[in-house]
1. Just subtract the alpha-carbon distance of Ser311 and Leu52 from 0.36 nm times their residue separation and send over the number in nm, one decimal.
2. Determine the percent antiparallel among the DSSP beta bridges restricted to the stretch 4-275, to the nearest 5.
3. Quick one: dipole size for the chain, taken about the Cα centre, charges +1 on Lys/Arg Cβ and -1 on Asp/Glu Cβ, in debye to the nearest 20.
4. With only alpha-carbon atoms in the gyration tensor, what are the semi-axes of the equivalent ellipsoid for the stretch 119-255, in Å, largest first?
5. Among all helices in the chain defined by DSSP H, which have a length of 18 Å or more along the axis from Cα atoms plus a Kyte-Doolittle mean of at least -0.5?
6. Would you kindly work out the equivalent ellipsoid of the chain from its C-alpha gyration tensor and give its semi-axes, the square roots of five times the eigenvalues, largest first in whole Å?
7. For the chain, with a Gaussian network of springs between Cα atoms less than 10 Å apart, report the residue from Gly150, Gly272, Gly72 with the top mean-square fluctuation.
8. Using helices alone, I'd like the mean residue ellipticity at 222 nm for the chain: each DSSP H run of four-plus residues gives -39500 (n - 2.57), total over residue count, nearest 500.
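Values in this text are rule-based calculations from the coordinates and carry no lab data. Everything quoted here is computed from the prediction, not taken from an experiment. Here the Cβ positions follow ideal geometry from the backbone for every residue, glycine too, while neighbour counts run over all protein chains shown.
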Amino acid sequence: MKLTNLVDESLLRDSCRQPVAGSELAHDFLTMMDKWHSYKEIWDDDLDADILRMNLEILTTNRKKLDWGPKGTGYFTPSSSSSDARELYMKLTKAPRDEQEIAPHQKRWQRAGTAFGDIIQDDLLYINKHYISEFKEQPTYRPEFVDLNGKLYPSWERFARKIMWVKHRGHQIPILGQPDGILWHHTGKRVGLEIKTKQTTAARTSHYSMREPSQDHIKQCICYSIMYGVDDYLIVYGNLAKKAWNMTKEDYEKTPDLRVFHIKITDEDRKGLLDFFADILDCIDAGIPPKLDLDKWMFNNFKTACALSLSQDELTEITQQVSNVSKSQLPEWKKRQYTEALEFINEVRSNS
């Protein structure tokens, strides 16, 4: 997929630098958040109560009605935009999902990532209410609000959740999702927001280590752009691992804990993703599953179903692929990933 105007705010933290063409959206968000997070704590019990009230209402008295379609319909999601096609085939044909054990640190990892997204969203509501009074200037971004049965809610999470049925190549493609946010830039431009975290080391978001957003995350944004009609998207990476409490200005500039990238999504990008979804539906109609991608094995939630669905020819091909990888110059961790995948496949098939 070709993406135009992939822009990093890398060179924009230093206020003496002028934003390059196309990078203002990332720069403005980063500058606004850094300014807000460098300021004194603002306390607002009424706003905190409003946030709790809105979340209670969307779960109880003002639940959003969705067009689920016929009973048993399977859906694509933004997070599945980069999934293995074979996995999605098994999911949409109602194969059983793996019952995977999760390590305690992994659950904490997931919950910490979710909590960071909540923090940014709450900060945006605080900025919307208090930025002008505290800084005597307009914020560069404000949340979009949606009307649900006469009540306004921020355009993110359950408040903006939807199922969209997209007609493409003879298919009605169902996409289910909820964005991290839809914002308005002060220029009147509507901008999507995708929030991600890094948690292993502070260096993960350094300018040396992170030079562009993940392709998987870009694909998620493309899917959201289809659902919400947004061409511009910000991918925000928050690093929950910090280098130190006290950092010099130079250290912080080299290893910031917040990175923002702006991507411009085109019709070509959207068509490419819809083609991917349509290809899977074509396979379902033909009863011929797509090839299994071992590069995406780790996060495949239908490993057992995929293993059992392999034909003997496919298994022979995968065995040869793993053999070739084991003799290659790929890193050892990559070779191990392929080997362990084949071992799992063989074990499942032998026990079936």
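1. Once the chain is fully extended between Ser311 and Leu52, it gains 88.1 nm.
2. 75
3. 320
4. For the stretch 119-255, the semi-axes come out at 30, 23, 13 Å.
5. Length and hydropathy pass: 24-37, 45-59, 215-228, 267-286.
6. Working through the eigenvalues yields semi-axes of 38, 26, 20 Å.
7. Gly150
8. -14000 deg cm²/dmol
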